[in-house]
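The values are calculated or read from the model by the stated rules, or taken from the named source; none is laboratory data. Here the structure is a predicted model, which means the values were calculated and not measured. As a convention, Cβ positions derive from the backbone with ideal geometry for all residues, glycine included, and neighbour counts pool all protein chains shown.
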Amino acid sequence: MGRAEERRARQGGTRRGKQKVKKKGIRRFFTWKKVLGTFFGLCLLAMGAFYVIYLMVPIPSDNAEAKLESNVYKLSNGQVLARTGVLNRETVALEKVPVPIRESFVALENKTFYDDKGVDFKGTTRGILKTLMGKGAQGGSTITQQYVKNNYLTQEQTVTRKLKEIVISLKVDQRYTKDEILAGYMNTSYYGRGAYGIQAAAQAYYGKDVSKLTLSEGTYLAALLQAPSQYDWQTAGPVGRDLVQGRWNKALDNMVEMKKLTPDERKKVTFEPPHDAKVAPGMEGQTGYLVAAAKAELIHNGVDSALLDRGGWTITLNIDPAKQKLLESAVKKDLTDKLDPKKRKVDADLQAGAASVDPKTGSVVALYGGQDFIKHQLSNATNTTYQPASTFKPVILAAAFNQGAETQDGKPIKANTVYDGDSKRPVKGSDIAFAPPNEDDRDYGPISVQDAMNKSVNSVFAQMGVDAHLDKVRDTAVAMGMASLKGKAPVPAMTLGSYGASPLQMAAVYATLDNHGKEVTPSIVKTAEHKDHKYDKPDPIGSQVISRDAADSVTSVLTGVVDDGTAQGSVASADNRDGKQVAGKTGTSDDNKSAWFTGYTPDLVTSVGLWGEAAEPRTVKGDDGKTVTVPKGGQVSMTDGAGEPGRINGGSIPARIWAAYTFDAVKGGADKFDLETDQGAAKEPAYTPSKKPSGTPSKTPSGTPSKTPSGTPSKTPSSTPSKTPVDPSKTPSGTASHKPKPPTTPPTHPTGTGLPDDPLLPN
């Protein structure tokens with residue numbers, strides 16, 4: 001072979017050596033060139049599609065939905081309750097809005113407003129993705145986009161609507177000046193209280209023309225826009241007020257960052273709460289509370305507040321007219337007819353709230369929000385400010401039963417488990433020191449869980465809360481319907497019901513017990529219909545949040561509170577009881593600022609709350625002896641109110657209202673609970689309801705403190721004989737000087753053994 005042939009042979013071999021190995025399987029289709037090419041191809045396709053949409057979508061005429069119609073609210077029998085809907089809109093030129101207020105809107109909603117092209121592509125993309133994932137309304141829109149949504153589009157949350165919003169916003173930004181867009185945004189936004197536009201809002205919230213607003217007032221209106229119903233200062237709860245103040249602060253801080261306000265000027269701006277809203281005609285009495293509760297539920301379940309106030313809805317409530325009338329009559333008979341503010345100043349402070357729920361359907365069949373919506377628009381039925389006190393104890397027991405919790409010495413927690421019931425006994429197993437006093441600082445010594453619930457012994461349930469793990473107690477409360485506890489710190493004081501709750505929330509908790517552990521979310525709205533919009537009502541009955549055994553066992557224990565405990569005088573002996581089995585719990589908070597009774601029959605759950613709310617500002621002495629000023633609406637004591645001498649307990653007025661209403665409302669219903677449990681007062685001893693309890697009822701209602709000094713047994717015998725023998729070796733509970741010291745490990749014995757019946761029953 002010559003040199004030329006040899007060279008060609010070597011080159012050929014090299015070429016053959018460099019030949020690529022042929023890829024097999026799925027690798028043939030995925031190379032980096034193909035992936036990159038596909039990506040750019042899709043991008044070009046998307047850009048082309050967007051350009052086509054841009055050309056095809058014009059700026060539409062003003063939104064026809066801006067024309068307000070009436071909403072019709074009906075009771076469950078079809079009777080019209082109210083009609084609402086009065087257009088409240090006035091367009092003003094931007095020049096009439098003070099410059100600092102314009103700047104606060106921009107600082108809060110869209111700091112780059114004067115520099116952007118009308119669309120925040122990053123925020124909008126995030127909003128579209130979250131919409132696709134079903135997470136509902138999302139932020140990230142510019143002022144231009146919000147104006148387009150208000151004036152040209154609907155409030156629905158769909159990808160199609162969002163794409164239209166982007167295209168129209170780009171065109172609007174090109175056609176109009178930034179000041180024209182800002183004016184349009186301020187004039188078309190919904191501020192709550194039926195007010196569309198900043199001029200109507202200025203009148204609705206501060207009773208003045210927009211040109212007269214201060215920076216503080218105008219910034220509050222800007223802060224409102226995110227959630228007008230939730231942030232209205234007059235009706236907002238603690239969370240809503242904190243959130244709107246947070247947004248108010250953020251707006252001012254952003255103005256400093258944008259050099260629109262100096263730090264010194266910022267410090268001088270103080271928050272100015274708005275005035276109370278003027279009530280529309282026809283909202284007198286309970287009507288306004290019912291309408292407000294229905295609106296709140298619809299908004300909570302996804303109906304936009306602006307869309308709702310634009311009208312055209314027919315809303316039917318679950319309210320039963322007969323039961324509603326019974327509830328109102330019961331409050332009138334046992335409370336409001338007895339109030340005399342001229343004779344007793346404290347009577348002007350007394351506020352009552354109640355909610356009644358069908359545990360099988362979740363329907364709110366009756367609701368009491370206050371004496372008159374015209375005079376007091378914050379509904380007492382949904383007010384979460386006041387402590388539910390000892391009505392929280394059944395939640396602790398439910399959490400303990402549900403998880404099979406044990407005492408510190410390893411004994412299962414049952415109705416007959418014995419605890420140390422001495423007042424101020426330090427809890428064991430807690431990182432936070434806690435030694436709560438019992439009511440009237442009474443010592444009970446060894447006491448069963450059943451008797452501790454009957455007598456509402458704080459020291460027992462403080463220890464049980466730790467035994468059942470405080471975080472699990474909190475989570476159980478939230479799962480059962482006490483939404484105001486969500487995110488709260490699981491501290492020992494929680495066991496005394498120290499966190500606020502509303503009657504509607506407590507009705508939810510007890511309805512879950514009555515429904516054998518299945519979650520009940522009270523619902524006042526039966527149906528909501530609109531020709532252009534659909535309302536998907538969530539199912540009020542949820543999943544099993546605690547076991548049936550746990551729920552039924554708590555119910556069984558709570559029957560003892562009525563027949564042998566703090567509700568005995570007002571509920572067990574009620575003339576209209578007619579043999580109905582009842583489970584319930586009383587509650588009285590510190591300093592007698594609130595008193596409760598929440599109870600249920602097999603067919604109906606009702607929570608009644610009573611509290612002291614200052615009708616006018618006043619000066620009172622604090623716990624440290626120093627004088628403090630309580631503002632209007634602040635919490636004050638109810639002591640000596642409504643003609644009740646001394647402390648108003650849950651076993652007095654609230655329990656009497658409950659009994660007067662409930663037993664008439666459930667006539668013809670089931671007499672006994674269907675319980676699957678082998679413990680508690682309803683099971684052992686066997687319970688046989690009667691129209692009247694045997695024996696002579698005590699002249700002093702249970703729950704009303706005895707005039708006998710604390711620690712000395714009352715000389716008045718118990719109206720109901722003890723169901724268990726009295727151990728003669730024990731002195732009456734409460735006589736600390738002769739009571740033997742409880743053993744380190746309490747003995748287990750039948751419910752009530754060794755504990756004499758005592759007519760002085762704290763709650």
Counting only residues that are over 21 Å from Thr385 (Cβ atoms) and in contact with a helix residue (DSSP H, G or I) (Cβ under 8 Å, 6 or more places away or on another chain), region 608-654 contains a total of 5
Has region 154-161 got any residue that is within 33 Å of the chain's Cα centre (by Cα), modelled with pLDDT of 90 or more, crowded, with 17+ Cβ neighbours inside 10 Å and of a type outside the set (D, E, K, R)? no
Return only the number of the condition from (1) among the acidic types (Asp, Glu); (2) part of a loop (DSSP other than H, G, I, E, B); (3) surrounded by fewer than 21 Cβ atoms within 10 Å (Cβ to Cβ) that Asp471 does not satisfy. (2)
Check off (1) modelled with pLDDT of 90 or more; (2) part of a helix (DSSP H, G or I); (3) small (Gly, Ala, Ser); (4) outside the structural domain of Ala222 (by TED's automatic domain parsing) for Ala107 and give me the number that stays unchecked. (4)
Report, by residue number, each residue of region 250-307 that is over 17 Å from Glu217 (Cα atoms), charged (D, E, K, R), assigned to a loop (DSSP other than H, G, I, E, B) and under 24 Å from the mean Cα position of the chain (by Cα). Asp304
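Condition check ((1) surrounded by fewer than 22 Cβ atoms within 10 Å (Cβ to Cβ); (2) more than 18 Å from Val357 (Cβ to Cβ); (3) modelled with pLDDT under 95; (4) touching a Phe, Trp or Tyr at 6+ places or on another chain (Cβ under 8 Å)) across all residues:
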position	(1), (2), (3), (4)
Asp539	yes, no, no, no
Gln568	no, yes, yes, no
Thr588	no, yes, no, yes
Thr598	no, no, no, yes
Which one of these is in contact with a Leu (Cβ under 7 Å, 6 or more places away or on another chain) and either closer than 21 Å to Glu328 by Cα or touching a residue at least 60 places away in the same chain (Cβ under 8 Å) (or both): Ala655, Ala659, Ala670, Ala682? Ala682
Lys375 meets each of (1) part of a loop (DSSP other than H, G, I, E, B); (2) in contact (Cβ under 8 Å) with a residue 40 or more places away in the chain; (3) of a type in the set (D, E, K, R) with one exception, condition (2)
Test for Met506: is it part of a helix (DSSP H, G or I), hydrophobic (A, V, I, L, M, F, W, C) and over 12 Å from the mean Cα position of the chain (by Cα): no
Could you count how many residues in region 204-239 are modelled with pLDDT under 95, part of a loop (DSSP other than H, G, I, E, B) and of a type outside the set (Ser, Thr, Tyr)? 11
Given (1) more than 28 Å from the chain's Cα centre (by Cα); (2) closer than 15 Å to Thr566 by Cα, Asp422 misses just (2)
Matching residues in region 353-369 - criterion: being buried (at least 24 other Cβ atoms within 10 Å of the Cβ) and out of contact with any Pro (no Cβ under 6 Å at 6 or more places or on another chain): Ser356, Pro359, Val365, Ala366, Leu367, Tyr368, Gly369
Go through (1) outside the structural domain of Ala201 (by TED's automatic domain parsing); (2) at pLDDT below 75 for Gln138 and report which single condition fails. (1)
Does region 430-443 include one or more residues that are among the aromatic types (Phe, Trp, Tyr) and in contact with a Ser or Thr (Cβ under 7 Å, 6 or more places away or on another chain)? no
Considering only region 378-398, how many residues are among the polar types (S, T, N, Q) and not in a loop (DSSP other than H, G, I, E, B)? 2
Lys178 fails exactly one of (1) modelled with pLDDT under 95; (2) surrounded by 17 or more Cβ atoms within 10 Å (Cβ to Cβ), namely (2)
